[in-house]
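Remarks on the structure that follows.
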Amino acid sequence: MWMTISAVELHLLAESMGVQLQRHTGGHPGWYDHHRRIISTRRGQSIGQYKSVLAHELGHAAHRDTPTGNGHFDQRQERRADEYAAQLLINPDDFEAAAIWHHGHLPAIADELEVTQHILKTWQSLYERQAA
């Protein structure tokens, strides 16, 4: 069987980056406050949602992102955080094994890898660009 990065490993990464983790109820799935070095994730998410959101917010922390108020630049930050999360959470061997096992069915592959379908699609897009 293949290995995916665990929530504990994500927590350790946050700690190594000097980022404090907290939880909130309702609202956005997650957010990052660069000035306070805090990531907050919404309670009640599945493990795949939680890991994807946390990895995405860690991407913002790694790049020291702060909202600019400019839609173009904010969207670039969001895409970069998605790509960071995808690369952190998925590796080609794990993807290939899950794809074979689940006959290419993306929702099942995402569940197996404990990521959202959005992060899985982001990873596929990155991987295809790198392979070209």
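The values are calculated or read from the model by the stated rules, or taken from the named source; none is laboratory data. Since the structure is predicted, the reported quantities are computational estimates derived from the model, not experimental observations. Every residue, glycine among them, receives a Cβ derived from its backbone with ideal geometry; neighbour counts consider all protein chains shown. Accessible surface areas use protein heavy atoms only, side chains included; no ligands, DNA or RNA. Shrake-Rupley method; radii C 1.70, N 1.55, O 1.52, S 1.80 Å.
Using DSSP to call loops (not H, G, I, E or B), can you name the trypsin sites (Lys or Arg not before Pro) in region 34-132 whose Cβ has at most 14 other Cβ atoms within 10 angstrom? Write down the numbers at each step before the final one.
Working: sites: Arg36, Arg37, Arg42, Arg43, Lys51, Arg64, Arg76, Arg79, Arg80, Lys121, Arg129; in loops: Arg36, Arg37, Arg43, Arg64.
Taking region 34-132 and a limit of 14 other Cβ atoms within 10 Å, the loop trypsin sites (Lys or Arg not before Pro) found are Arg36, Arg37, Arg43, Arg64.
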Quiz item: Which value, in debye to the nearest 20, gives the size of the charge dipole of the chain about its Cα centre, when Lys and Arg are +1 and Asp and Glu are -1 at the Cβ?
Solution: 520
Quiz item: How big is the C-alpha Rg of region 1-102 next to the rule-of-thumb value 2.2 N^0.38 Å, as a ratio?
Solution: 1.12
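Specify whether the C-alpha gyration tensor of region 87-132 places it in the rounded, prolate or oblate class, a ≥ b ≥ c being the square roots of the eigenvalues: rounded for a/c under 1.5, otherwise prolate if a/b is larger than b/c and oblate if not.
On the way: a/c = 1.70, a/b = 1.36, b/c = 1.25.
It comes out prolate by the Cα gyration axes.
Suppose all protein chains stay in the model; what accessible area per residue would a 1.4 Å probe give for the chain, in Å²?
Numbers: 7730 Å² over 132 residues.
That works out to 59 Å² per residue.
Roll a 1.4 angstrom probe over the protein heavy atoms and tell me the percent of accessible area of the chain that is carbon or sulfur. Don't jump to the answer; show the numbers that get you there.
Values: 4090 of 7730 Å².
Percent of accessible area from carbon and sulfur atoms in the chain: 53.
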Practice problem: Please give the calculated 222 nm ellipticity per residue for the chain, where each DSSP H segment of at least 4 residues contributes -39500 (n - 2.57) and the sum is spread over every residue; nearest 500 deg cm²/dmol? | Solution: -18500 deg cm²/dmol
Exercise. Collect residues whose amide H, placed 1.01 Å from N in the peptide plane, falls under 5 Å from the amide H of Arg42; neighbours closer than 5 in sequence don't count.
Key: His24, Gly30
